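S.K.: Structure below; questions to follow.
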Amino acid sequence: MARHLAMAARLIDDDPALAHQHALAASRSAGRVGVVRETVAITAYAVGDFALALRELRTHRRITGSDEQLPLIVDSERGVGRPDRALEEGRAVDRSTLSVPVRVQLAIAMSGARLDLGQPDRALQELEIPEADPDRAFEWSPALFSARAAVLEELGREAESAEWERRADIAAEALDAAAGIADREVIVVEEIDLIDDDGAVDVASGVIPVEDEAPDPVEDEAPDPVDDRADEPVDAEPDVVDAESSEGGNEGER
């Protein structure tokens, strides 16, 4: 099971279909382990099987009691053509109980559901959250800024849309540079300065030098060990599917 989960995580970006097959293989031997059902859900979503993703996400939530995948639940409801149900799912949880990245992803997904319903004004309202600070870049900023740009474009506010898309690009470049994956020698970022204690990158003009020396090779870290007890065969029980730029999930529009 552990090998299948590791392969699913490794392949999800480059070959989601194969990653999904590995996730399904893991579920055959450990169908009642939360991380397994979560992996099946994520890979199902990646290949566009939103009904299966919903079933697995609900099972994962039932097993673990976690709402960390709520944005994916909301977006999967959009995927099966139920934006109204997506909004109900998003409103059913107290957002103050969610981590900041999950709260941002949820706002993007809710905004997307509003767009599906032809409500661009309300879609923009969904993105009016404290985390939408154009002067600071967090891991979620590019997706959040891009989602805002998409809604503004839908509203016909082209200049504002272009500005938020520009800020999304700046945030992504700043985060890449801060993570040490910028182009070698020198990277010029229009608006970047320092990383603060919260992990944000403050915005200011600057040039970031990059060392000429090649970085030391880094070996892939082994996946976290998985409880061997989860490998015991378990009869999987079938689950029934019930009939708003850093800027992500499915963040905004799909």
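S.K.: Assign one of three labels to segment 4-60, namely rounded, prolate or oblate, based on the Cα gyration tensor with a ≥ b ≥ c the square roots of its eigenvalues; rounded applies when a/c is under 1.5, prolate when it is not and a/b is larger than b/c, and oblate otherwise.
M.R.: Oblate shape, in that a/c is at least 1.5 and b/c is the bigger or equal ratio.
S.K.: Round to the nearest 10 and report in Å² the accessible area of SER99, as given by a 1.4 Å probe over the protein chains' heavy atoms.
M.R.: Rounded to the nearest 10, that gives 50 Å².
S.K.: Per residue, how much accessible surface does segment 1-153 expose to a 1.4 Å probe? Answer in Å², no decimals.
M.R.: Per residue, segment 1-153 has 42 Å² of solvent-accessible surface.
S.K.: Quote the accessible area belonging to ILE12 in square angstrom, nearest 10, computed with a 1.4 Å probe and with ligands, DNA and RNA left uncounted.
M.R.: 40
S.K.: Determine the share of segment 30-70's accessible area contributed by carbon and sulfur atoms, expressed in whole percent, with a 1.4 angstrom probe.
M.R.: Reported share for carbon and sulfur atoms: 50 percent.
The values are calculated or read from the model by the stated rules, or taken from the named source; none is laboratory data. Quick caveat, the model's predicted, so the values are computed rather than measured. Surface areas here come from the heavy atoms of the whole protein model, side chains and all, with no ligands, DNA or RNA. Shrake-Rupley method; radii C 1.70, N 1.55, O 1.52, S 1.80 Å.
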